[in-house]
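This report refers to the structure that appears directly beneath it.
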Amino acid sequence: MCESESVLPVSQPDMTLSDQELFGDDHPHDHCGVFGVWAPGEDVSRLTYFSLYALQHRGQQSAGIATSNGKQILVYKDQGLVSQVFSEQSLQGLRGHIALGHVRYATTGADVWRNAQPTLGPTPTGTLALAHNGNLTNTVELRELASEIADDGEDFERGASTDTSLVTALLGMADRIPGPTPFIASPSVTPSETDGDEAAPASSLADNLEPAPLVGAALKVLPRIKGAFSLVFMDENTLYAARDPHGYRPLVLGRLASGWVVASETAALDLCGATFVREVEPGELISIDASGVHSRRFAVRRSNTCVFEYVYLARPDTTIGGRRIVAARHEMGAALARENPIEADLVIPTPDSGTPAAIGYAQESGIPFAQGLVKNAYVGRTFIQPTQSLRQLGIRLKLNPLREVIEGKRLVVIDDSIVRGNTQRALVKMLREAGAAEVHIRISSPPVLWPCFFGIDFPTRAELIASSMSVEQVRESIGADSLAYLSIYGMVGATGQGTSLCIGCFTGEYPETIPAGTPVPGTPDATPC
Ligand SMILES: O=P(O)(O)OC[C@H]1O[C@H](OP(=O)(O)OP(=O)(O)O)[C@H](O)[C@@H]1O
Ligand SMILES: NC(=O)CC[C@H](N)C(=O)O
Ligand code: SF4
Ligand SMILES: [Mg+2]
């Protein structure tokens, strides 16, 4: 039985957590877009707060911000949306020149306060705060390592039970990990196009500086971590960012007039007025402090960015791998129209993320595009809701058909994906009740057949509708007149990324070996209390 999800810190009823909480207390205070900013003179907590709004679609279960004023790190986090978690008062309390922020959607570890991020942990020289987007596949091995090097009885996860809390613990204890650093990265720097700007020095090629405090720890720990991680972390004076060698999840570097930001998506850079510098490379560790941006490599770059970022996850106004997401989705819709034409009167999108593909389908097919469904702007993503009943209720709350548009019409309804089939089953029913003459479903990705181990909690295979049913059986189950999916070739082609993508949930072939017994994210095995 899980503890109550509303477990709050006893000593800090205002939801803040400080380094004071880390030591000498056997009850650590029970307590996924990422964002980080290093910008002296800026209101970094407010900048992070607004940027988290731009990333809210990536996780709606909890939100948190950590700041450092150079002496102390403070974390404020709670269950809920960014707008629900933060108030003027809480932001006022978060002062400093470095901040990081997180919006969570749990994949490993339950959706409880103590698992919310940023996490906080001790280091030999101070404190570290960390935010993670992704999901690790070797948590068993990492937990064993942490248990071996922890002091007797030390609760190294500090009450949490996530893959993220393990990384935090290991970074803090890296000096205790036996053996040499597995991969000695060169202390090279990655000059940016904006080097030379005096307001915020970028890395200098004559880099004789002492590395930032956590660089050594990160170079020791990061090569041991398997799976997906786009990390943003900080100590009192330095902001760090790292991306796993496959680059499953996006992570970008941007520049402000007076500093630097890192964010899951370029849309967050737009919001905070930062210019895009470049992506954090797969296998790269970046540190940012008063001396500039320093880059080190902890693993060989592989590059297998998640294709589902292009299909559904990322915002349409984000760019990944040089490809604007909205353009990729238009092209997926156009390819879908070429592969699966049908005679119809109207093309109707399934808001939100089905809309760009519907525009592409309509343009390519010549069938008029119409908004046949009104979306309630205050209801979020239903796929990212934690339970089946919430997802079903969410669809009803979210979408309502416009009878005057659809009555008597043959409709092609476009959506980006079918996972459990909830959305299309509910929609077909609603559209028929509203008088549609025919309902043809076209999906701008192939059938999802396999689980994801890298940060998306698709259900188990048993719950994935396409894994146990043929296309014809799925059509029958959702009640449509016809159903067709985009091919893998069509989907991948639309991203413009060649073959360097993860497409594991469509093919069952993942870019890396999944250790036997790795729990499927989102299942009880992966989300123990
Ligand atoms: O087959 P299902 O289990 O219903 O899942 C698939 C649906 O979930 C997603 O939409 P979601 O409502 O999460 O978000 P969106 O508004 O961004 O499209 C996706 O776009 C599909 O519409
Ligand atoms: N969606 C995510 O990126 C989740 C991050 C991390 N695995 C957690 O569960 O907190
Ligand atoms: S398995 Fe699917 S959702 Fe997971 S990273 Fe690969 S493409 Fe993305
Ligand atoms: Mg949808």
- Which members of segment 142-180 meet the condition of being of a type in the set (G, A, S) and outside any loop (DSSP other than H, G, I, E, B)? A146, S147, S165, A169, G172, A174
- Note on the structure: Requiring at least 1 residues that are open to solvent by less than 10 Å² (accessible area, probe 1.4 Å) and not hydroxyl-bearing (S, T, Y), the strands (runs of 3 or more DSSP E) wholly within segment 402-513 are 410-415, 438-443
- Message: So T350 passes all but one of these: (1) modelled with pLDDT of 95 or more; (2) within 24 Å of the chain's Cα centre (by Cα); (3) surrounded by fewer than 18 Cβ atoms within 10 Å (Cβ to Cβ). Which condition number does it fail?
- Response: (3)
- Task: Please work out if E309 is surrounded by fewer than 24 Cβ atoms within 10 Å (Cβ to Cβ) and either away from ligand 4 (no atom under 16 Å from the Cβ) or within 29 Å of Y489 (Cβ to Cβ) (or both).
- Result: no
- Note on the structure: Counting only residues in segment 103-118 that are away from ligand 1 (no atom under 16 Å from the Cβ) and part of a loop (DSSP other than H, G, I, E, B), the one surrounded by the most Cβ atoms within 10 Å (Cβ to Cβ) is identified as Q117
- Message: Considering only segment 257-277, I want to know if a residue exists there that is open to solvent by 30 Å² or more (accessible area, probe 1.4 Å) and among the charged types (D, E, K, R).
- Response: yes
- Item | Filter result (in a helix (DSSP H, G or I) and within 11 Å of ligand 1 (Cβ to nearest atom)) within segment 391-401 | R391, Q392, G394, I395, L397, K398
- Task: Tally the residues that are assigned to a strand (DSSP E or B), open to solvent by less than 10 Å² (accessible area, probe 1.4 Å) and not acidic (D, E), restricting the search to segment 278-290.
- Result: 4
- Task: Taking the options A39, A54, name whichever one is in contact with a strand residue (DSSP E or B) (Cβ under 7 Å, 6 or more places away or on another chain) and either under 21 Å from V261 (Cβ atoms) or at pLDDT 95 or above (or both).
- Result: A39
- Task: Would you check if P446 is assigned by the TED database to the domain that holds P341, at pLDDT below 95 and not β-branched (V, I, T)?
- Result: no
- Task: Might you let me know whether segment 315-324 holds any residue that is among the acidic types (D, E) and open to solvent by less than 40 Å² (accessible area, probe 1.4 Å)?
- Result: no
- Name every residue in segment 396-423 that is modelled with pLDDT under 95 and closer than 20 Å to L486 by Cα, in order of residue number. V419, R420, G421, N422, T423
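The values are calculated or read from the model by the stated rules, or taken from the named source; none is laboratory data. All of these numbers come straight from a predicted model, not from anything done at the bench. Every residue, glycine as well, gets a Cβ built from its backbone with ideal geometry; the counts of neighbours run over all protein chains shown. Accessible surface areas use protein heavy atoms only, side chains included; no ligands, DNA or RNA. Shrake-Rupley method; radii C 1.70, N 1.55, O 1.52, S 1.80 Å.
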